[in-house]
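Peer 1: Before anything else, here's the structure in question.
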Amino acid sequence: MRRSSRTIFFLVLAVALLGAGVRLELGREQALAPQPLTALDPASVRRVEIHCRDCTTRKFERDGAGWRMLEPYAQPASVEAVARLLNVLRASVRTRANIADYDPVKLGLAPAQFTLKYDDLTIEIGNEDPIEHDRYVKLGGQLLRVPDRFSARLLESAESELADPKLAH
């Protein structure tokens, strides 16, 4: 093998090894990235319900023209307000555990402070973690801790979630 051929061979080998290393690192970073609360696609959701201890129950339904509030007002809903409610589905999860290993009463999950229903999926939201300020979330048999970037939105008034709040009666 001539010297120039050998140099080209080693350069190609080095590039191939670097490419493999980059691919492995990207896979590792993706595996370490926070996982979303659910795999449910917000664009596919047809119905949303919010039940909470200290606020009015609100129900929304997607129709051909957009979103409509069904309860407490039968009015067109604000697209932005419903989008904020749908963002809960994609909230990042910090920790996962088996709910049976914990006392749901102490975590504010029996009864839950908020119960969200997205079509047939129910998400229960409890107290705030005192150290990290995450929310305890019950999803099926799992206990999750999720950064609390949504609870204030769940306490909004129904009037603020209407497309035209002046029409509330």
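The values are calculated or read from the model by the stated rules, or taken from the named source; none is laboratory data. Being a predicted model, the structure only gives us computed values, none of them experimental. For neighbour counting, all protein chains shown are included, and Cβ atoms are generated from backbone atoms with ideal geometry for every residue, glycine included.
Peer 1: With the structure loaded, tell me whether residue 106 is within 21 Å of residue 54 (Cβ to Cβ), assigned by TED's automatic domain parsing to the domain that holds residue 73 and either part of a loop (DSSP other than H, G, I, E, B) or more than 13 Å from the chain's Cα centre (by Cα) (or both) or whether it fails that test.
Peer 2: yes
Peer 1: Continuing with this model, one more query. Can we say residue 90 is under 20 Å from residue 149 (Cα atoms), without any contact (Cβ under 8 Å) to a residue 60 or more places away in the chain and of a type in the set (Lys, Arg)?
Peer 2: yes
Peer 1: What residue, of 47, 2, 23, is closer than 30 Å to residue 155 by Cα and either in contact with a Lys or Arg (Cβ under 8 Å, 6 or more places away or on another chain) or not aliphatic (A, V, I, L, M) (or both)?
Peer 2: 47
So that you can scan it fast, the table gives a plain yes or no per residue for (1) of a type in the set (A, V, I, L, M); (2) closer than 20 Å to residue 138 by Cα; (3) free of Cβ contacts under 8 Å to residues at least 60 places away in the same chain:
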{"site": "10", "(1), (2), (3)": "no, no, yes"}
{"site": "14", "(1), (2), (3)": "yes, no, yes"}
{"site": "18", "(1), (2), (3)": "yes, no, yes"}
{"site": "23", "(1), (2), (3)": "no, no, yes"}
{"site": "31", "(1), (2), (3)": "yes, no, yes"}
{"site": "52", "(1), (2), (3)": "no, yes, no"}
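Peer 1: Here is a further query. Do you know which of the residues in region 66-83 that are assigned to a strand (DSSP E or B) and of a type outside the set (D, E, K, R) is surrounded by the fewest Cβ atoms within 10 Å (Cβ to Cβ)?
Peer 2: Step one: of region 66-83, the residues assigned to a strand (DSSP E or B) are 66-71, 75-77.
Those left that are additionally of a type outside the set (D, E, K, R): 66-67, 69-70, 75-77.
Details: 66: 12, 67: 23, 69: 24, 70: 15, 75: 19, 76: 16, 77: 25.
Here the residue is 66.
Peer 1: Let me ask something else about it. Confirm whether residue 36 is surrounded by fewer than 16 Cβ atoms within 10 Å (Cβ to Cβ) and either within 16 Å of residue 161 (Cα to Cα) or of a type in the set (D, E, K, R) (or both).
Peer 2: Judged against the criteria, residue 36 is not a match.
Peer 1: Right, next: So residue 96 clears everything in (1) within 15 Å of the chain's Cα centre (by Cα); (2) of a type in the set (D, E, K, R); (3) part of a helix (DSSP H, G or I) except one condition, right? Which one?
Peer 2: The number of the failed condition is (3).
Peer 1: Collect the residues in region 47-65 that are part of a strand (DSSP E or B) and not charged (D, E, K, R), keeping them in residue-number order.
Peer 2: 48, 50, 51, 52, 60
Peer 1: Here are some conditions: (1) loosely packed, with under 10 Cβ neighbours inside 10 Å; (2) assigned by TED's automatic domain parsing to the domain that holds residue 108. Residue 29 meets all but one. Which one does it not meet?
Peer 2: Condition not satisfied by residue 29: (2).
Peer 1: How about region 109-129: which of its residues are buried (at least 20 other Cβ atoms within 10 Å of the Cβ), of a type outside the set (Val, Ile, Thr) and under 14 Å from residue 140 (Cβ atoms)?
Peer 2: 109, 112, 116, 118, 124
Peer 1: Please find, among 100, 91, the residue that is loosely packed, with under 12 Cβ neighbours inside 10 Å and modelled with pLDDT of 90 or more.
Peer 2: Sole residue among the options that is loosely packed, with under 12 Cβ neighbours inside 10 Å and modelled with pLDDT of 90 or more: 100.
Peer 1: Given the options 80, 71, name the one that is of a type in the set (Asp, Glu), in the same structural domain as residue 115 (by TED's automatic domain parsing) and under 19 Å from the mean Cα position of the chain (by Cα).
Peer 2: 80
Peer 1: Determine which single condition residue 130 fails, assuming it passes every other condition in (1) without any contact (Cβ under 8 Å) to a residue 12 or more places away in the chain; (2) assigned to a strand (DSSP E or B); (3) more than 23 Å from residue 42 (Cβ to Cβ).
Peer 2: Against the list (1) without any contact (Cβ under 8 Å) to a residue 12 or more places away in the chain; (2) assigned to a strand (DSSP E or B); (3) more than 23 Å from residue 42 (Cβ to Cβ), residue 130 comes up short only on (2).
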